[in-house]
2 protein chains.
Amino acid sequence: MTATPPAGQRPISEVARDLDIAPDHLEPYGRDKAKVHLDVLSSGRKPGKLILVSAITPTPAGEGKTTTSIGLAQGLHRIGKRAALALRQPSMGPVFGRKGGATGGGLSKVEPSNKINLQFTGDFHAITAAHNLLAAAIDNRLYFRDLDLDPTRILWKRALDMNDRSLRRIVVGLGGHSQGVPRESGFDITAASEVMAILCLSESLRDLRERLDRILVGYAGDGSPVLAKRLGVTGAMTAILKEAILPNLVQTTESTPAFIHGGPFANIAHGCNSVLATRMALATADYAVTEAGFAFDLGGEKFLDLKCRSAGLNPAVIVLVATIRALKMHGGVPLPDITKTDAAAVERGLVNLAAHLDSAEHFGKPVVVAINQFGTDTAEEVGVVENFCKGRNIPCSPANVFGAGGEGAIDLAEKVVAAASYPETPYKPLYPLDWSAERKIEQIAKVMYGAAGVSFQQMAEQKLRKAEKLGYGQLPICMAKTQDSLSDDPKRRGRPQGFTLHVRDIEIAAGAGFLVALTGEIMRMPGLPLRPAGERIDVDEAGEITGLS
Amino acid sequence: MTATPPAGQRPISEVARDLDIAPDHLEPYGRDKAKVHLDVLSSGRKPGKLILVSAITPTPAGEGKTTTSIGLAQGLHRIGKRAALALRQPSMGPVFGRKGGATGGGLSKVEPSNKINLQFTGDFHAITAAHNLLAAAIDNRLYFRDLDLDPTRILWKRALDMNDRSLRRIVVGLGGHSQGVPRESGFDITAASEVMAILCLSESLRDLRERLDRILVGYAGDGSPVLAKRLGVTGAMTAILKEAILPNLVQTTESTPAFIHGGPFANIAHGCNSVLATRMALATADYAVTEAGFAFDLGGEKFLDLKCRSAGLNPAVIVLVATIRALKMHGGVPLPDITKTDAAAVERGLVNLAAHLDSAEHFGKPVVVAINQFGTDTAEEVGVVENFCKGRNIPCSPANVFGAGGEGAIDLAEKVVAAASYPETPYKPLYPLDWSAERKIEQIAKVMYGAAGVSFQQMAEQKLRKAEKLGYGQLPICMAKTQDSLSDDPKRRGRPQGFTLHVRDIEIAAGAGFLVALTGEIMRMPGLPLRPAGERIDVDEAGEITGLS
């Protein structure tokens, strides 16, 4: 495979034309990005096939899921298929923190990457503003004693798109009589806001508004629930989000169209781009490539049980991304050594891939394994994975998407097209909604994670009873679990066996429409590392951003 | 005068063409707004004349300064002059609070007003993000004990574009060892952020970066200053602000071009749109109409002594906006009665207009008085003001900008053009920079406010000594004073005499380049009223925002 230079970026109106999106359905944001009107959804075109890209349990550097998704879409384009991407927008906080940018890599990127990593079209900022307007309205009602709201039982916090650990736990309203009512609170990162989850699951502005109305913000003195509608600002929140609800269109290195919209955290929320962006890719292309955050146990499960169930989506193919270095990690190699050749470790690490393949098969969809290739991979190591997949009768394709773009994913694209040509299987969730919450959680824990059982801490039990009493028992479950292991212990690599999953708390996301089951220590507001990535970002003499991606 | 219906809004590229702004200097944000490249500043065109619009001491509802500025620009257009506006962007917080929208009114508005009042092109959000990145970096250094920074002497707070009194005084970093270092802090509204002031005074991205570097964030253990540069994220802050520094182009009801850019508070900061937007209006039009927040004593003085001094600007004409109802208020009429006819009260209230005229004359510029007309004004009342102005040999024009748009401001426009045709007088600041800070403050207090003297509280004295010791003694002064009175007591209407101005504290805005002298109770973070404007804002069935403006 040889590296092909990236094609010059085209005006976004031309990219839109590839998808038959008319100019009057576009709101340009500069020349290189645009918001797309929802009218496009009723184009009348036969919907495309949905390709879900997920991964095995990743190394801290990630498996290159986004890069592979982009490479795959470019590969589909190269074999003459009309393809579009539906991806999450990176959260700006982590861009300045440990992670840096998140727009793919090498010859498989979405552009303009610097803008996508920073402000983009302002959606995250709008979500932050809508979230904080509700918070301000809550404290304002407390201040004027205008609503029966127990200041010690307010669930709604504030949000910022920033990694800022000092805001995790704060006391607000200090300074005496005219400065508000003192109480404990905190900030979550915007990606963890329920408004983000709501925007990503909404079908329309009206649906968005109804979901905002349903947010459970806290409890009255008698313990009865207080919903956001009572605060009187959900109309204004909807007004703030009016443009943010429109999907954003950009293009890849090779000019393949990409809808980038929404970015809920994958550990705490459902972790995939908006329903509207996915629908738009399906409405305008024959193959819509989307990804689900982190590994399949976490992101894939939530994509299928939350997003697909809510929106009536049904993927045709599941692509599982694996890397040789992650398999070595799961085979017991310490992180600093995973670039060293070790085919035996790869062999041992296949248990992790096997676990995710088993999980994916529960949903009754064809699976293709993509090996995201690195320069340190050897033919022998890659062969180990190929043989394993052959043994399970699963198509497997090594893809050089970073180094060769779409050219490096032609074989992968062909295998995906072949798998997508099977007769469509019906959508099959992992659990029905009328099971008890405990049973739903146990089903996910046993089937997806391989747990022997689930233990519920007292607080979680109490909250589940409360949720049922309030009529939220029929909601699906959004698992909040570490991405670093199939279990809730981030140190357990490979395919842990016989462990108990510990559910320590439950949250009611009534607007988004799920119950969050918290396991282990899940961070809703990341911190900055000692040397944050933000210290490497700058603007050069020519006015160009450096050090970002 | 008859009401002319607003012309249909034109595509923003056509509006740009009126100013000879080439398409490749535009970054469209939708069809109705665009960011404009700074290359436009070096067009080589002869710079236009700068018209500064300010006002007498306003009623709580304001004097319609923005509406008059817009009407005046439309009037100039109607008499065949090439005119452009340079205005502030409204702060979103107050839009949901007491104030509602701030984009003019009637037939003198800037459009798309709903978008301008809310997200617009995201500049305020970018400023918020840049501000909070610096805050996160500060607390991160405290957490890692990586910089000698005294946690009890950190000056930099956080910012949000929200009216939220509960965030004024908070404790951050609670929750134990891994959650940061507990300390007192707070949030200011974004309009009060020094990053906002810096963006508005910057001449280029490089100048912006250098100003960010110079921000005084706090003190080390030995009392020595710690500047933002030491925190290592000013490059990333510049990257965040890279697009925000570009002025935004929109149009008025009658399609007159308007640059809307930046919005520092006028009570706490310098209160006018960006230097770059003003320069752009001057570079592309023959008449650039701009406004300075609140009354002339506050906004006008700061426009001239801070912005014009820093940027080398020199207004040709000063327009003072007065309303009959405000004059009645200054004549002693209680607020609920100011719509009732009372020519004698108008006569008594002229002392306030006289004070501002005297102040404006100190700068050696021709002045035109604009009476912003309301339906309740009588001919007799208007005649009182006209006679007074005639006596002082000052042109005066009643303008019906709300009801009749540019047609209602033709006489005003003609008077402004006549005044602007006088030979240009040199720029004359109120004080030289090498005076002591005390003397500068006394000069402003006596000449602009009519104070008998100034008293400095001990804290202010100490801070002034500290500022001088650190080399900030040469900076000009940004007065933070109530807008409701010429004095520092908001209850004193008219032209208060013999009062002492009380300076209670001093702040060093080293990046913006001024010392803030705080008098009275100045709010950096407004609160919401019992029934906030946000409760009236909604989105209707057609997806249009209602209740906003």
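The values are calculated or read from the model by the stated rules, or taken from the named source; none is laboratory data. It should be emphasised that the depicted structure is a prediction, and the values quoted were computed from it without experimental measurement. Note that each Cβ is placed from the backbone with ideal geometry, even for glycine, and that neighbours are counted across all protein chains shown. Ligands, DNA and RNA are excluded from the accessible area calculation, which covers all protein heavy atoms including side chains. Shrake-Rupley method; radii C 1.70, N 1.55, O 1.52, S 1.80 Å.
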Antiparallel as a % of all DSSP beta bridges within the stretch B:123-240, to the nearest 5? 70 percent
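Which pairs in the list B:K307/B:K491; B:K33/B:K109; A:K49/A:K109; A:K33/A:K99 are over 18 Å apart, alpha-carbon to alpha-carbon?
Cα-Cα > 18 Å for B:K307/B:K491; A:K49/A:K109; A:K33/A:K99; rest within.
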Expressed in nanometres to one decimal, the distance between label points 7 Å along Cα→Cβ at B:K229 and B:S43 is 3.6 nm
Order A:L475, B:L72, A:L530 by their accessible area, 1.4 angstrom probe, all chains in place, largest first. A:L530, A:L475, B:L72
Distance in nm between pseudo-label sites at A:K428 and B:D24 (7 Å out along the Cβ direction from Cα): 5.8 nm
Where the Cα pairs of the protein assembly as shown fall when distances are cut into 10 Å bins, in %: 2, 11, 19, 23, 19, 13, 8, 4, 1, 0, 0
Taking the Cα atoms of the stretch B:398-549, report the difference between the largest and smallest coordinate on each principal axis, in whole Å and largest first. 60, 49, 34
Specify the inter-centroid distance of the stretch B:308-367 and the stretch B:186-205, based on alpha-carbon positions, in whole Å. 29 Å
Amide H contacts of A:V53 (H built 1.01 Å from N, under 5 Å, at least 5 apart or other chain): A:T290, A:E291, A:A292, A:V319
Greater than 26 Å apart at Cα, pairs in B:K65/B:K415; B:K65/B:K242; A:K65/B:K229: B:K65/B:K242; A:K65/B:K229
Carbon and sulfur: what percent of the stretch B:437-519's accessible surface (1.4 Å probe)? 46 percent
In nm, one decimal, shortest first: how far is the label point of B:D24 (7 Å from Cα along Cα to beta carbon) from the matching points in the other copies? 3.0
Sequence of B:V369, A:V351, A:V417 from largest to smallest accessible area, 1.4 Å probe: A:V351, A:V417, B:V369
By how many degrees, 0 to 90 and rounded to 10, does the Cα axis of helix A:458-469 deviate from the longest principal axis of chain A? 80 degrees
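Taking 8 Å as the Cα distance limit and 6 or more residues as the minimum spacing, I'd like the relative contact order of the stretch A:375-531 as a percentage.
Once divided by the residue count of the stretch A:375-531, the mean separation gives 18 percent.
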Select from the stretch B:227-256 all residues whose loss of accessible area on going from the chain by itself to the full protein assembly reaches 20 Å² or more (probe 1.4 Å). B:G232, B:V233, B:G235, B:A236, B:A239, B:I240, B:K242, B:E243
Per-peptide average of other Cβ atoms within 10 Å, ordering B:165-171, B:317-323, A:355-361 highest first: B:317-323, B:165-171, A:355-361
So what's Rg/Rh here for the stretch B:62-134, counting alpha carbon atoms and using the Kirkwood radius for Rh? 1.06
Inter-part gap, Cα centre of the stretch B:64-140 to Cα centre of the stretch A:41-115, in whole angstrom, is 36 Å
Give the relative contact order (percent, whole number) for chain B; include only Cα pairs under 8 Å separated by 6+ residues. 22 percent
Rounded to a whole number, the mean other protein chain Cβ count within 10 angstrom for residues of B:201-212 is 1
Tell me which residues come under 5 Å, amide H to amide H, from A:G97 once H is placed; ignore anything under 5 positions away on its chain. A:A533, A:G534
What residues does the stretch B:513-549 have that are buried by at least 20 Å² of accessible area in the full protein assembly compared to the chain on its own, 1.4 angstrom probe? B:L528, B:L530, B:R531, B:G534, B:E535, B:I537, B:D538, B:V539, B:E541, B:G543, B:I545
Pull out a ≥ b ≥ c, the square roots of the eigenvalues of the alpha-carbon gyration tensor of the stretch A:123-240, then state rounded if a/c is under 1.5, prolate if not and a/b is larger than b/c, and oblate in the remaining case. oblate
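Which order do you get for B:M92, B:M523 if you rank them by accessible area with a 1.4 Å probe, largest at the top? Display every interim value, and only then the final one.
Details: B:M92 0, B:M523 95 Å².
Largest accessible area first, the list is B:M523, B:M92.
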Which of the peptides A:80-91, B:180-191 is most tightly packed, and how do the rest follow, going by the mean number of other Cβ atoms within 10 Å of each residue? A:80-91, B:180-191
Distance from a point 7 Å along Cα→Cβ of A:D146 to each backbone N in the stretch B:100-124: keep the residues under 19 Å and list them by number. B:100-101
Of the residues B:G80, B:A55, B:Y29, the Cα lying farthest along the dipole of the stretch B:28-82 towards its positive end, which is defined by charges on the beta carbon of Lys, Arg, Asp and Glu, belongs to B:G80
Angle, helix A:123-144 long axis vs. longest principal axis of chain A, Cα atoms, 0 to 90°, nearest 10? 20 degrees
Quick one: angle between helix A:275-284 and the longest Cα principal axis of chain A, in degrees between 0 and 90, rounded to 10, please. 40 degrees
Which value, in Å² and to the nearest 10, is the accessible area of A:W435 when all protein chains are kept and the probe is 1.4 Å? 60 Å²
In the protein assembly as shown, what cysteines have no partner Cβ closer than 4.7 Å? A:C200, A:C272, A:C308, A:C478, B:C200, B:C272, B:C308, B:C478
With just the Cα atoms defining each centre, how far is the stretch A:397-457 from the stretch B:231-302? Give it in Å. 51 Å
At 1.4 Å probe radius, can you tell me the per residue accessible area of the protein assembly as shown in Å²? 33 Å²
Expected field for B:E442, accessible surface area in Å² at 1.4 Å probe radius, rounded to 10, holds 60 Å²
Normalised radius of gyration for chain B, please: alpha carbon Rg relative to 2.2 N^0.38 Å, two decimal places. 0.94
Can you list the HN-Hα couplings for the stretch A:47-58, worked out from phi with the Karplus curve (6.51, -1.76, 1.60; θ = phi - 60°), rounded to whole Hz and with x for Gly and Pro? x, x, 8, 8, 10, 9, 9, 10, 8, 7, 4, x
Between copies, how far does the label point of A:S224 sit from its twins, in nm, shortest first, when each point is 7 Å from Cα along Cα→Cβ? 6.3
At B:D505 and B:D222, where each label point lies 7 Å from the Cα along Cα→Cβ, what is the point-to-point distance in nanometres? 2.8 nm
From the label point of A:D207, set 7 Å from Cα along Cα→Cβ, how far away are the matching label points in the other copies, in nm, ordered shortest to longest? 4.9
Percentage of interatomic Cα-Cα distances in the stretch A:79-192 larger than 22 Å: 48 percent
What percentages, rounded to whole numbers, describe P(r) for the stretch B:437-519 computed over all alpha carbon pairs with 5 Å bin width beginning at zero? 3, 16, 27, 24, 16, 9, 4, 1
Over the stretch A:123-240, what is the relative contact order in whole percent, taking alpha-carbon pairs under 8 Å and six or more residues apart? 32 percent
Contour excess over end-to-end distance, with Cα ends at B:E438 and B:R17 and 0.36 nm allotted per residue: 146.7 nm
